[in-house]
1. Would you confirm whether or not segment 453-471 contains a residue that is under 16 Å from residue 93 (Cβ atoms) and under 21 Å from the mean Cα position of the chain (by Cα)?
2. Within segment 157-179, how many residues turn out to be outside any helix (DSSP H, G or I) and either modelled with pLDDT of 95 or more or closer than 29 Å to residue 528 by Cα (or both)?
3. Just need a number here: residues in segment 56-71 that are free of Cβ contacts under 8 Å to residues at least 60 places away in the same chain and surrounded by fewer than 20 Cβ atoms within 10 Å (Cβ to Cβ).
4. Can you tell which of 292, 297 is at pLDDT 90 or above, over 30 Å from residue 201 (Cβ atoms), assigned by TED's automatic domain parsing to the domain that holds residue 147 and surrounded by fewer than 18 Cβ atoms within 10 Å (Cβ to Cβ)?
5. Working carefully through the options 116, 102, find the one that is modelled with pLDDT of 95 or more, crowded, with 24+ Cβ neighbours inside 10 Å and outside any helix (DSSP H, G or I).
6. Which of (1) buried (at least 19 other Cβ atoms within 10 Å of the Cβ); (2) assigned by TED's automatic domain parsing to the domain that holds residue 187; (3) modelled with pLDDT under 95 does residue 243 not meet, given it meets every other one?
7. Quick one: which helices (runs of 4 or more DSSP H) lie wholly within segment 363-451 and hold at least 2 residues that are touching a helix residue (DSSP H, G or I) at 6+ places or on another chain (Cβ under 9 Å) and crowded, with 21+ Cβ neighbours inside 10 Å?
8. Looking only at segment 493-512, which residues are surrounded by 21 or more Cβ atoms within 10 Å (Cβ to Cβ), within 21 Å of the chain's Cα centre (by Cα) and outside any strand (DSSP E or B)?
């Protein structure tokens, strides 16, 4: 093909679709090209500096080398007229851990996906397994429930690494097979508490990004003291706690807000970061008010939402037991949807499915969220995090058609939904980008994570994780209907991860561009086991007795401890 530069410019003016084609800069010899990739005439938006202008971007070696009005050339060129060039979307509540679900996330504009809610067991091995085999940047935290399972369910063999699909789909059910779910119902004595905290400490030493807590599933067994000491171990490293709260999903006061008060009070007492996961239930407004007040005092605290009116989790969760579900005020057949069977379940069907397939993921609708959702779109530092769900089709499911995905549409459509709702609700585009890229990067960066200080921004010197989209046409297409749950977002033609095209012309590329997001491995852990005698020395005055000496003259006597 031979087309002159002049001819190319005429075609660009006539055809917006052609303007977004990627190809060589014709007539330019290779040795004269300045950059690996250039993005020309796109609307560059940076939520940190508030830059919003039509500019050119030059990328070399995975780094944004220049953002300029000058003409630039590269080995590969993206013509981005009429499109926004934004920092890639960062998802820190991300269970899309197999090929099909990862592909859907990439098509939704995600460049970094990290599971910081369920986390992993044996994080060092987890990171090793992803090396050179992941299209998006990846990271994980230490699983609090995994650490508890190791101690309270010793009959379960822990061999190798485990993350959300294996924890939710296997370990939980195995731990409960003897009739006692120790990980959720067991209360730690002092020895068990030290064991749990030691497991968490070791994973943090190995570079885990945070403590990933599913405390809402462990409300009966996890004591408030264990929760406090767990956050304290994280504070030794400056790592944050990511948790949904005790009494998660409760539709009444005082339980709903008290669950958040627990972890926020711990965070402020310890001066430790905390993130409130999926703050999209009753009392969210109270939580947001407290978070804003805490940030005003300098605390690194934030929350998240996903833009849907239905939740999804394992059918065996205690939330769904009849005595608990009744408190929600909505019967099973009006709210609990099985995406595999493609039907709403009666109570009898729920119980039968729970008993035969305890790892089945179901979708549960909440009418109140229809009222609340527009407000979440406008909450500062309330970041977008999809809680995306793995497809269950296996890691090598890259080539499966999206129609084969079964699960919540949030995996495929979270960012597209935010953009669509943002247009409908009049939310500034820059604000939505801050929710999806800058604020997640900033809060994680403020914990000392260097990888996040280099992302979430369209600035020279930053990592070239970039999402290019049509601000007027980008939208979600996934629905709750079977066969449509994985319909990809449209209007995002290019996604760049570490300078490499992972989505090209709206098509996913099997390019293993992802890099690990991880803290450096430390030589030794920081946790010291709790010893009663040492605790008393730290928190109590020493006892003394009074003896009469002469005329009412008191004398302090040692309690027997060495002075």
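1. Yes: segment 453-471 contains one or more residues that are under 16 Å from residue 93 (Cβ atoms) and under 21 Å from the mean Cα position of the chain (by Cα).
2. Within segment 157-179, residues that are outside any helix (DSSP H, G or I) and either modelled with pLDDT of 95 or more or closer than 29 Å to residue 528 by Cα (or both) number 7.
3. Within segment 56-71, residues that are free of Cβ contacts under 8 Å to residues at least 60 places away in the same chain and surrounded by fewer than 20 Cβ atoms within 10 Å (Cβ to Cβ) number 4.
4. Of the residues listed, the single one that is at pLDDT 90 or above, over 30 Å from residue 201 (Cβ atoms), assigned by TED's automatic domain parsing to the domain that holds residue 147 and surrounded by fewer than 18 Cβ atoms within 10 Å (Cβ to Cβ) is 292.
5. After ruling out the rest, the residue left standing is 116.
6. Against the list (1) buried (at least 19 other Cβ atoms within 10 Å of the Cβ); (2) assigned by TED's automatic domain parsing to the domain that holds residue 187; (3) modelled with pLDDT under 95, residue 243 comes up short only on (3).
7. 410-425, 439-445
8. Within segment 493-512, just 498 meets the criteria.
The values are calculated or read from the model by the stated rules, or taken from the named source; none is laboratory data. Just so it is clear, the model here is predicted, and its values are computed rather than measured. Note that each Cβ is placed from the backbone with ideal geometry, even for glycine, and that neighbours are counted across all protein chains shown.
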